[in-house]
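Computed from the coordinates by the stated procedures, all read-outs in this text should not be read as laboratory data. Note that the coordinates shown come from a computational prediction; the quantities given were computed from them, not determined experimentally. All Cβ positions, glycine included, derive from the backbone under ideal geometry; neighbour counts span all protein chains shown.
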Amino acid sequence: MKKVIIIILVLISSLAMYYFFEDYKIEKKDKYSNMINENAENKLDKNKTEKKEIESALKEKERIEEELGKIEKEITKYSYKVKNEIEYKVYILQLNNGETININSNLLEVKKNSNKYDIVYKKKKYMEINIVYLNNIANKLAILIDDVGMNTELAYEFNKINASISFAAIPFLPRTKEASDILREHGYEVILHMPMESFGSENLNKNTKGLIRTDMDNAEIRTKFEEALKNVGKVNGFNNHMGSKFTADHEKMNFLLELAKEKNLYYIDSWTSNKSVGYKLAKEKGIKTYKSSVFLDNEKDVEYIKERIRVAVEKTIKEKKVIAIGHYHKATAQAIIEMLDYIKEKNVELVFINELLE
């Protein structure tokens, strides 16, 4: 009998333990399920809040879009996709150096980034993507110094200019290669100053070595052009030395520019004559090109040249980019040095001519 009672008690205890653990497991499961549900709800609420905040930022951005639309500048617009499948519009806005833009927003701010400006979200949780990309474009002036080659002394004078200056070397002068190399080593841009036939003095035409004429056949023009390039050394472009007659000849300029295209050279029209077809033809052929519009040193006087630099600067502010031509004289080097601060104060950037090509 005792044994039967003990067995019954053991069975009852086992059943009690079984149901206790089953209840415990159910309770834990319910607790865990509730916790998962709560986390899911919290996450959902958080996502909804974040989405609302982002949507609010987008509305703010759309308001700013109206402000941007009032600015008389070219604005390029494109889309930029981010998380939550919300599509942000990104704007590229070009400003001239010295111009400013004010964006009044609780969510967005303007940040300076080198010579660029970004409009970004103030809070990182909105993702720091560019909403507006402002490119701060300076008015650009390129000074091209013609007639390099008679000596090397002046190359050292021009080396004192701590700015981007370009030079054009006449081939076959006593120190063409040496002077060009000195300038290149200093980091300046050097191009070929190709002698071309002028309507002026025939004696000058005859005495200019390597000059190309309108009565030459194409083979002779090619030979002279290639010899000139070899004499000056490595260049990426050329302009005309004299050339009022040659640059006005459509047929001959067409052939010369075909040679330039073949050799991947750009062309700067010195604009020694308003009848020149060089600039127009180069554009038609897809050759990188530009033309000069200001002459700096018709008089070899520092004060005169400084005044002409002022004219070039004012023209640059008005037209955004200008090439001004000077010559290989000490007075020109001195005038440029003395005007560097003035140029900077006017928010005009001195650049190499290759930065202005069209």
Using 7 Å Cα-to-Cβ label points, what is the residue 264/residue 230 separation (nm, one decimal)? 2.1 nm
Note down the relative contact order for segment 195-257 as a percent, whole number, built from C-alpha pairs under 8 angstrom at least six residues apart. 47 percent
Extension gain, residue 284 back to residue 341 (0.36 nm per residue minus Cα-Cα distance, nm): 16.7 nm
Rounded to one decimal in nm, the spacing of the 7 Å Cα→Cβ label points at residue 250 and residue 206 is 3.2 nm
Could you work out the relative contact order of segment 139-355, using alpha carbon pairs under 8 angstrom and six or more residues apart, expressed as a whole percent? 27 percent
Full extension from residue 318 to residue 298: what is 0.36 nm times the residue separation minus their Cα-Cα distance, to one decimal in nm? 4.9 nm
Extension gain residue 310-residue 156, at 0.36 nm per residue separation less the Cα-Cα distance, in nm? 53.0 nm
Qualifying trypsin sites (Lys or Arg not before Pro) in segment 163-269, DSSP loop, other Cβ atoms within 10 Å at most 10: 234
Under a point spin-label approximation (7 Å from Cα along Cα-to-Cβ), what is the residue 334-residue 199 distance to one decimal in nm? 3.6 nm
C-alpha center-to-center spacing [segment 160-194, segment 254-314] in angstrom: 17 Å
Quick check for me: using +1 on Lys/Arg Cβ and -1 on Asp/Glu Cβ, what's the dipole size of segment 246-317 about its Cα centre, in debye to the nearest 20? 280 debye
